[in-house]
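One structure below.
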Amino acid sequence: MSRLSLFNSPLLLGFEHFERALDRVNKISADGYPPYNIEQLGDNELRITLAVAGFRMSDLGITIEDNQLVIRGKQVEEGEHLYLHRGIAARQFQRSFVLAEGIEVRGAWLDNGLLHVDLVRPSVEPRVRTVEIRGNDRAEGETGATGMIPRVANKTGP
């Protein structure tokens, strides 16, 4: 069975990485823990804030894996406790965000149970490039798509 691609138009060339990014987004867990906000700070700046109450800095990790920001948390139970009621469980999580090309992580900090991760997209100057169009003049011996085209001398007779 073949899979229908969103980018199967012959006019969309080189968009395979977008398709892979969409596949990653679909695979990301639908678990709502921990809750998070995404805030736009400026034209090219974002902040992700996760509610990670009870986690220490040593319990948290942030990595970037193939344009995917991955935030992991794992709490470790220390010592033995006798709970009469346990409503706060030590748990682990993994929250992933697919980043657009060029997005950079500026920094992260933990403050009052909130983990903040700042992202920035460096401004890119639009550029226009002209591509030279060359002719296929074989008599002049110009370089073609496969390299130098040799001149061929006509021989008539031995």
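Here are a few things to note about the model shown:
- Odd one out for GLU132, checked against (1) surrounded by 10 or more Cβ atoms within 10 Å (Cβ to Cβ); (2) at pLDDT 85 or above: (1)
- Residue satisfying all of: in region 67-108; hydrophobic (A, V, I, L, M, F, W, C) and within 16 Å of GLU45 (Cα to Cα); farthest from the chain's Cα centre (by Cα) among these: ALA108
- Subset of region 135-158 that is in a helix (DSSP H, G or I) and of a type in the set (D, E, K, R) - its residue that is modelled with the lowest pLDDT: GLU140
- Within region 64-100, the residues that satisfy the criterion of being surrounded by 10 or more Cβ atoms within 10 Å (Cβ to Cβ) and in a loop (DSSP other than H, G, I, E, B) are ASP66, ASN67, GLN75, ILE88, ALA90, ARG91, LEU99, ALA100.
- In region 35-63, the residue that is surrounded by the most Cβ atoms within 10 Å (Cβ to Cβ) out of those that are polar (S, T, N, Q) and in a strand (DSSP E or B) is THR49.
- Any chance ARG91 is within 14 Å of TYR33 (Cα to Cα) and at pLDDT below 90: yes
- Restricting region 101-118 to residues that are in a loop (DSSP other than H, G, I, E, B) and touching a residue at least 12 places away in the same chain (Cβ under 8 Å), the residue that is nearest to MET57 (Cα to Cα) is GLY113.
The values are calculated or read from the model by the stated rules, or taken from the named source; none is laboratory data. Only a predicted model underlies this, so the values are computations on that prediction, with no experimental measurement involved. Virtual Cβ from ideal backbone geometry, glycine too; neighbours counted across all protein chains shown.
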